[in-house]
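See structure below.
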Amino acid sequence: MKQLANKHILLCVTGGIAAYKAAEIIRLFKTAGSNVRVLMTKAAQEFITPLTMQALSGNQVHADLLDTEAEAAMGHIELAKWSDVILIAPCSANSISRLAAGKGDDLMTAVCLAAESKTFFAPAMNQAMWADSRTQKNYQILIKNNFIPIGPNSGEQACGDEGYGRMSEPQEIVSEVATNFSEGLLAGKKILITAGPTREKIDPVRYISNRSSGKMGFSIAEAARDEGGLVSLISGPVSLKTPDEIERIDVESADEMFKEVNKVINNFDFFISTAAVADFKPEKFENQKIKKDKKADNLSMEFIENKDILKSISKNKGDLKIIGFAAETQDIKENAKKKLNEKSLDLIIANDVSDSSIGFDSDENEVYLITEKIEKKIEKISKKKLSRSIIEFIAKYL
Ligand code: CTP
């Protein structure tokens, strides 16, 4: 994350069990070349020691508003001015409440009042505390006051409960802060891309799949990242290296891809579905390998339809922009336009997969970009160049 190099990050750690994750946050910022200072509330120091934070950040920890020595070294106003970004992680319910009330009676709240830099906060608390209407009200007040939320996520909690309130993972938090410094046509935008084929199992050793290599999706992911986007890939089985700074989730079947996409889609601004999702899967998965002597005479297989990921997402799309691909062998534009409408897409990218010099497994492609109002042909070029043109088109028209 080169955007973070030499940036001044003030990490405020408040009281909560997720405080231990702040150590990893410091490490990630340091690896990216940032200069990190840590501010800890009294409660935070009950969960993790200032010594740990000092050792990791390489700077003395800030903790007291009223300590004359500490204030003389770097007072709250200077600390606020020093920071390019303030990140409060974990941010407890109590801290959210105190910040919403505009308090300034400890170092963390005083610095936040004095700061003009962007302030991010990563809520972390028990699910019931998060759901409480007072917490929700305070959270909205912070957002109105230009604090930028990161998370919380849903999942298992330290107390054994399940639900929203879990702090986002350190990598997610640092990536979010990084996008604040990114430049480019998609700066700060979150983009989810599916790529590659899916595999539909027949028995433990056999499956049905298709010729997709994943190259187009991975290449679009790199182009979106290069334009400042925060990119996540959900990929079927491919033999491609994960591009730098891109989060990747691997799946095998269409069902798994459906599940993963639906799990995270609410966090994104764009969904680009390049995956060649299998339309059908065998009705029955044989637990044991099908032996040839048993079935050789009369082997037939029943198929059932897989769920359409794009269709399911576009049903409740809200502000999400959705881009689909159409792999066609005939009547390319007509078929693509049909899919644009049927799947309520903002853009469809159509290619002719009957020509083996383009499309599947090739390094080149030739496509039509079709929206409700625009139709543009991009003649045969490398997938890398094509990806850049697609991203430029998306940034300009969507
Ligand atoms: N797609 C999807 N889920 C599926 C099938 C397709 O999300 N189960 C997406 C693909 O990623 C692509 C678009 O839908 O972006 C169109 O895929 P394509 O295979 O061209 O069309 P289908 O809808 O499967 O229709 P057909 O195979 O009949 O052409």
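Key figures
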| read-out | value |
| --- | --- |
| Members of segment 221-262 that are within 15 Å of the ligand (Cβ to nearest atom), out of contact with any Leu (no Cβ under 6 Å at 6 or more places or on another chain) and outside any loop (DSSP other than H, G, I, E, B) | Leu233, Ile234, Ser235, Ala254, Asp255, Glu256, Met257, Phe258, Lys259, Glu260, Val261, Asn262 |
| Checking Glu392 against (1) free of Cβ contacts under 8 Å to residues at least 40 places away in the same chain; (2) open to solvent by 50 Å² or more (accessible area, probe 1.4 Å); (3) closer than 22 Å to Asp269 by Cβ, the condition it does not meet | (1) |
| Residue list for segment 132-161, restricted to those being part of a strand (DSSP E or B) and either aliphatic (A, V, I, L, M) or over 23 Å from Lys103 (Cα atoms) (or both) | Ile148, Asn153, Ser154, Gly155, Glu156 |
| Residue check, Ile202 open to solvent by less than 10 Å² (accessible area, probe 1.4 Å) and touching a strand residue (DSSP E or B) at 6+ places or on another chain (Cβ under 7 Å) | no |
| Test: residue in segment 64-78 that is within 22 Å of Ile150 (Cα to Cα), free of Cβ contacts under 8 Å to residues at least 24 places away in the same chain and surrounded by fewer than 23 Cβ atoms within 10 Å (Cβ to Cβ) | no |
| Extreme residue, farthest from the ligand (Cβ to nearest atom), among residues of segment 316-348 that are open to solvent by 60 Å² or more (accessible area, probe 1.4 Å) and in a loop (DSSP other than H, G, I, E, B) | Asp319 |
| Ser209, sole failed condition from (1) under 11 Å from Gly196 (Cβ atoms); (2) hydroxyl-bearing (Ser, Thr, Tyr); (3) free of Cβ contacts under 8 Å to residues at least 40 places away in the same chain | (3) |
| Looking only at segment 298-309, and only at residues there that are modelled with pLDDT of 95 or more and of a type outside the set (Asp, Glu), the one that is surrounded by the fewest Cβ atoms within 10 Å (Cβ to Cβ) | Ile304 |
| Within segment 237-257, tally of residues that are open to solvent by less than 40 Å² (accessible area, probe 1.4 Å) and in contact with a helix residue (DSSP H, G or I) (Cβ under 7 Å, 6 or more places away or on another chain) | 4 |
| Number of positions in segment 162-201 that are more than 16 Å from the ligand (Cβ to nearest atom) and part of a loop (DSSP other than H, G, I, E, B) | 12 |
| Which listed residue is buried (at least 23 other Cβ atoms within 10 Å of the Cβ) and more than 30 Å from Lys292 (Cα to Cα), from Ile141, Ile148, Ile193 | Ile193 |
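Conditions (1) part of a strand (DSSP E or B); (2) open to solvent by 30 Å² or more (accessible area, probe 1.4 Å); (3) farther than 22 Å from Val367 by Cα, marked per residue:
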| position | (1), (2), (3) |
| --- | --- |
| Arg211 | no, yes, no |
| Ser219 | no, no, no |
| Val264 | no, yes, yes |
| Ala278 | no, no, no |
| Lys281 | yes, yes, yes |
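To keep it simple, each residue is scored yes or no on (1) within 17 Å of Ile272 (Cβ to Cβ); (2) modelled with pLDDT under 95.
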site	(1), (2)
Ile322	yes, no
Asn335	no, no
Asn341	no, no
Ser357	no, yes
Lys380	no, yes
Lys383	yes, yes
Ile390	yes, no
Ile394	yes, no
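The values are calculated or read from the model by the stated rules, or taken from the named source; none is laboratory data. What you see is a predicted model; the values in this text were computed from it and never measured. As a convention, Cβ positions derive from the backbone with ideal geometry for all residues, glycine included, and neighbour counts pool all protein chains shown. For accessibility, only protein heavy atoms count, side chains too; no ligands or nucleic acids. Shrake-Rupley method; radii C 1.70, N 1.55, O 1.52, S 1.80 Å.
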